[in-house]
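Worksheet: one structure, shown below.
Values quoted throughout were computed directly from the atomic coordinates according to the rules given, and no laboratory measurement underlies them. Since the structure is predicted, the reported quantities are computational estimates derived from the model, not experimental observations. Virtual Cβ from ideal backbone geometry, glycine too; neighbours counted across all protein chains shown.
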C-alpha cells in the first residue's frame, strides 16, 4: 500500500545558517499533495550525527515514510548514510552495483577515496537510481535517502513518487477583499460542517486594502465543491466594515 | 545573557501542502547567523493542537529559545496562542493592552469575535509589538510567538533580535572548479585542524563542468582567515582529473 503520511528531513548546515534557501521540501510538498500523501512534518537539522539519528528515529516511527535530503556526497560533512545505518543499527557497506558503475564511469584510478564514500549505503538498502547522477540514493525500511542538490533530488523524488498516496488532493482558492475578522465566525461554522475539507484563511493586502485568500483542499471532490459553494454563499452576506 | 542556540517552529498547513514557499525561517536564519546565535533546527508542522504542543515542548527544552511563526490571526485555523498556553500549562487570557489598542483602532463595535481572538495570549506573556500591526506577538519563557505574514514576522523578529547571540558569525566562500571528490580527503584534514570553523562543500555545475563552493564560517575571525588560507593552499596542489 502506498504511504499515506510522510515527513521530510533536510540535513544541511547551509540551510540553518541562512546561506541557502531550502527548495527541496517545497518541491516535495507540492508533489506529495498532488499524489495524495499528507506531508505531516518538515525538519531541518545540521550535519551532525546525533541530530540525524534522533530526528530520523522519531520521524520514521511516527509517519508512514521519511524522505531525507542532503549529506550523501563525498566530503567530510556528508554523513547521512553512516548516521542512518546507525539509526537502523545495521552496517554501512560498499554496494557492489555502485562500485561497478563508478569504476566503469571514472576508471579504477578515478575511484578515489571521496567517490568510494559515495558507494556506501546501509546494509539492506535498495538503490534509488536516476539518470542525473551515477551515485544513487537508497531506501531502507520506510526511509528514502535522496541527494541535496535540487536537480538530483527532484529526479530521485519523481522516481519514487508512485509509492506515495492513493487519492490526490485538490485545492480551490477564493479571493476575498475583506478583513479576515469579518468572516472568521461563519467560516468556523463551515469548517465544522466539512471536517473532510481543510479550510485555511491567508490574509494579504492590495495596497491599503485587505485582499486575502480562503483556501480549501480535500480528497473528496464532491465535498470540496460543496464547501466552496458554502463559503461563496457566506461571503455574499458579509457587509464590509 | 543572549540566547546562543535557537529553533524555529513554523506552524502552517499552507507550507506542508506546497501552497506557500516558506520564507520566514530563511529570513530568520540569516539574521540569527549575523547575530551570532546558532539556529539548530527548523520544524514545519500543521495547524494541529497536539503537533504544536509536543513539538514546542521538545524544542523549548532542547534549545535556548524557540521562535514560532504563524497561526495567530482571527480565524479557526489560528490556534497557536491557545496551544502554546496549553504547552506551558497556563491560562489563555485577553490582554488588557491589546483590547484597549484594538478598541481605539476599530471602535468598540469593530472589536468583533475574530479580533477578540487576537487579544488572547498565554498568561504571563510579554507583548512583542511592532509598527506593522495592532495585534502583537508574545513572549512566554524562552518562546517568541510571531506572526506568519512575512512583513509582520520580519518586523517582529527585528525587534527581538538583540536577545539572540553575542558574537556574530562570518562566512567566506571559495569558488572551486573541481569535482568535490578530488579535494574531499585534504579538506577533511583541514576541518579536523579547525574544529571552531565550520567547513561545508556544495557542488554545482557551470554547464558540463564542476563549479562548486567551499564555504567556511565561524565566530573567531583570526581562525576563520587561517582556515581559508589553508583551503586555498590545499586547492593549489590539486591536479584536475
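Rounded, prolate or oblate: pick one for the stretch B:156-220, where a ≥ b ≥ c are the square roots of the eigenvalues of its C-alpha gyration tensor, a/c under 1.5 means rounded, and failing that, prolate if a/b is larger than b/c, else oblate.
Oblate, since a/c reaches 1.5 and b/c is not below a/b.
Using a 10 Å cut-off around each Cβ, can you sort B:164, A:63, A:106 from fewest to most neighbouring Cβ atoms?
A:106, A:63, B:164
So how tilted is helix B:24-35 from the main axis of chain B? Cα-based, degrees 0 to 90, rounded to 10.
Computed tilt is about 60 degrees.
How many angstrom lie between the C-alpha centres of the stretch A:1-56 and the stretch A:146-165?
12
Please state, to two decimals, what the Cα-based radius of gyration of the protein assembly as shown comes to when divided by 2.2 N^0.38 Å (N = residues).
Here the answer is 1.05, to two decimals.
Rounded, prolate or oblate: pick one for the stretch A:77-215, where a ≥ b ≥ c are the square roots of the eigenvalues of its C-alpha gyration tensor, a/c under 1.5 means rounded, and failing that, prolate if a/b is larger than b/c, else oblate.
Since a/c reaches 1.5 and a/b is larger than b/c, the shape of the stretch A:77-215 is classed as prolate.
Which order results if A:64, B:166 are arranged by neighbouring Cβ count within 10 Å, fewest first?
B:166, A:64
Would you calculate the convex hull of the Cα atoms in the stretch B:125-196 and tell me its volume per residue in Å³?
It comes to 174 Å³ per residue, whole-number rounded.
Shape verdict for the stretch B:72-116, please, from the Cα gyration tensor: rounded (a/c under 1.5), prolate (a/b greater than b/c) or oblate.
Oblate.
Compute the relative contact order of the stretch A:170-236 as a whole-number percentage, counting only Cα pairs closer than 8 Å that sit 6 or more residues apart in sequence.
Once divided by the residue count of the stretch A:170-236, the mean separation gives 40 percent.
Just from its helices, what would the mean residue ellipticity at 222 nm be for the protein assembly as shown, if runs of 4 or more DSSP H residues each count -39500 (n - 2.57) and the sum is divided by every residue, rounded to the nearest 500 deg cm²/dmol?
One gets -12000 deg cm²/dmol as the mean residue ellipticity at 222 nm.
With Rg and the Kirkwood Rh both taken from Cα atoms, where does Rg over Rh land for chain B?
Checking Rg against Rh, the ratio lands at 1.10.
Defining a contact as two alpha carbons under 8 Å apart and six or more residues distant in sequence, what relative contact order in percent does chain A show?
Here the relative contact order equals 19 percent.
Select from A:216, A:56, A:146 the residue whose mean-square fluctuation is largest in a Gaussian network model of chain A (Cα-Cα springs shorter than 10 Å).
Most flexible of the set in this elastic network: A:216.
Distances from residue A:204 to the same residue in each other copy, label points 7 Å out along Cα→Cβ, in nm, shortest first?
The answer, with the shortest distance listed first, is 2.9 nm.
Place the label 7 angstrom along Cα→C-beta at residue B:220 and in each other copy, then list the distances from the first to the rest in nm, shortest first.
Spelled out, the distances from residue B:220's label point are 6.2 nm.
Measuring nothing but label to label, 7 Å from Cα along Cα→Cβ, what are residue A:57's distances to the other copies in nm, shortest first?
2.0
Ranking B:95, A:162, A:105 by Cβ neighbours within 10 Å, fewest first, what do you get?
Ascending number of Cβ neighbours within 10 Å: A:162, A:105, B:95.
If you line up the long axis of helix B:221-236 against the longest principal axis of chain B, both from Cα atoms, how many degrees apart are they, to the nearest 10?
40
What angle, in degrees between 0 and 90 and rounded to the nearest 10, separates the Cα long axis of helix A:96-110 from the longest principal axis of the Cα atoms of chain A?
60
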